[in-house]
Amino acid sequence: MKVFDAHCDVLMKLLEKPSINFENDDSLQVSVNRLKQGNSKIQCYAIYIPESIHKLIKFDAALQCVTLFYEKVATENNNIKVIRTKEDEVGLKSHEMGAILTLEGCDALLGDINRLKILHRLGVRSVGLVWNYANEAADGILEERNGGLTNFGRSVVHYLNEHNMWCDLSHCTEAAFWDAFEQAKYPTATHSNAKAICKHPRNLNDEQLKAMFNRGAIVGINFYPTFLVDEGVANISDILKHIDYMCSLGGEKFIAMGSDFDGIDTHPTNLHHVGLYQNLTNELLKHYTEQQVKGFMYENYSSYIHYK
């Protein structure tokens, strides 16, 4: 069964250690070999710039991530094609995988919309407004003041709307979530879970989830154990608990996957990397129809691609 994963952080690992071999390095949770093993069809690759990098060079670091994406990930040798439009996705051949470039947090833009325009032209098709703290666009979930969108944040959302790009609300404060949700044409939460099942502040509450599903917006399940269970070891069954709960809120056609691989240092049992996705698929098939599982694993996010 094909897999569409809306979030991984392998570009961050390549940025920190460019000598890593993306084809088969065992230190990576996402690699060419593991993508093939897990029957991945489309993987989103986030440009995330670590907090340790000085603000004034974050855009340079973002451009370096773009270079790594094109030189190490989306190459002819890897049979990985860049997805910029719906036509690109539909046109993938059976032996090819798709790669979508995304931006996690607007810190690198430094309040300049022209930097977003550059990244869009370089292939970025989804933008997360924040990571965990405040930037020029909005406040992140760990920013105590719980601020919403700034004027610059509104200009970012407006640009995303013009180009049918995803506005990723993962990591937003509740105030920023609602501000952006009301304005975004294609809101999504690429890697967030249900707060009713796990109380971590990064997860979404019932009101947020219902609003997303009523809009037809997609929510990607995050595999980080801290977002799956309040305490103890996480298992694949815990992922199903979040899916079951979201389905009870009307999310059957709007639930997808956003593993956060290579951005997480722990993982659910038997789901250590992208190559083991079929362990999750097989468990889902015990509880859901094949068509429902195809939706969760690929089709729900596929239907949300309208980039231009």
TODO: Treat each spin label as a single point 7 Å out from the Cα along the C-beta direction, and report the ASN132 to SER303 distance in nm.
DONE: 3.5
- [ ] Just the ratio, please: alpha-carbon radius of gyration of region 1-110 over 2.2 N^0.38 Å, N its number of residues.
- [x] 1.06
- [ ] Return, for the Cα atoms of region 31-89, the radius of gyration and Dmax in Å, separated by a comma.
- [x] 13.7, 39
Task: Extension gain, LYS286 back to SER237 (0.36 nm per residue minus Cα-Cα distance, nm) - done: 16.5 nm
Task: Length added when fully stretched, TYR70-SER94, from 0.36 nm per residue minus Cα-Cα - done: 6.5 nm
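For the chain, compute Rg over Rh where Rg is the Cα radius of gyration and Rh is the Kirkwood radius from the inverse mean 1/r over Cα pairs.
Looking at the chain, the ratio lands at 0.93.
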TODO: Just name one of PHE254, PRO225, LEU271: the one whose Cα is farthest towards the positive end of the charge dipole of region 223-277 (beta-carbon charges, Lys/Arg +1, Asp/Glu -1).
DONE: PHE254
Open item on the list: Quick check on my link table: of LYS86/LYS117; LYS36/LYS210; LYS72/LYS199; LYS17/LYS41; LYS72/LYS195, which ones sit more than 30 Å apart, alpha carbon to alpha carbon?
Closed with: LYS36/LYS210; LYS72/LYS199; LYS72/LYS195
- [ ] Show which aspartates and glutamates lie in cross-link reach of LYS294 when reach means a straight Cα distance below 18 angstrom and same-chain residues fewer than eight apart are skipped.
- [x] ASP5, GLU89, ASP244, GLU252, GLU283
Open item on the list: Between region 39-72 and region 198-252, what is the separation of their alpha carbon centroids in Å?
Closed with: 26
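So what's region 127-240 giving for Rg/Rh, alpha carbon basis, Kirkwood Rh from the mean inverse pair distance?
On the way: Rg = 13.9 Å, Rh = 14.2 Å.
My calculation puts Rg/Rh at 0.98.
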TODO: Please work out how much accessible surface MET1 shows to a 1.4 Å probe, ignoring ligands, DNA and RNA, in Å² rounded to 10.
DONE: 60
Task: Accessible surface, 1.4 Å probe, highest first, among residues GLU283, GLU252 - done: GLU252, GLU283
TODO: Provide Rg and Dmax in Å for region 180-300, with only Cα atoms included in the calculation.
DONE: 13.4, 39
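Give me the dipole magnitude in Debye, nearest 20, for region 63-115 about the Cα centre, with unit charges on the beta carbon: positive for Lys and Arg, negative for Asp and Glu. Before the final figure, lay out the partial values.
Values: 6 positive and 9 negative charges, 20 e Å.
Computed about the Cα centre, the dipole is about 100 debye.
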- [ ] Using only the Cα atoms of region 1-65, construct the convex hull and provide its projected area averaged over every direction, in square nanometres to one decimal.
- [x] 4.6
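The values are calculated or read from the model by the stated rules, or taken from the named source; none is laboratory data. All of these numbers come straight from a predicted model, not from anything done at the bench. Neighbour counts are summed over all protein chains in view; Cβ atoms, including those assigned to glycine, are modelled from backbone coordinates with ideal geometry. These area figures cover heavy atoms from the full protein model, side chains too; ligands, DNA and RNA do not enter into them. Shrake-Rupley method; radii C 1.70, N 1.55, O 1.52, S 1.80 Å.
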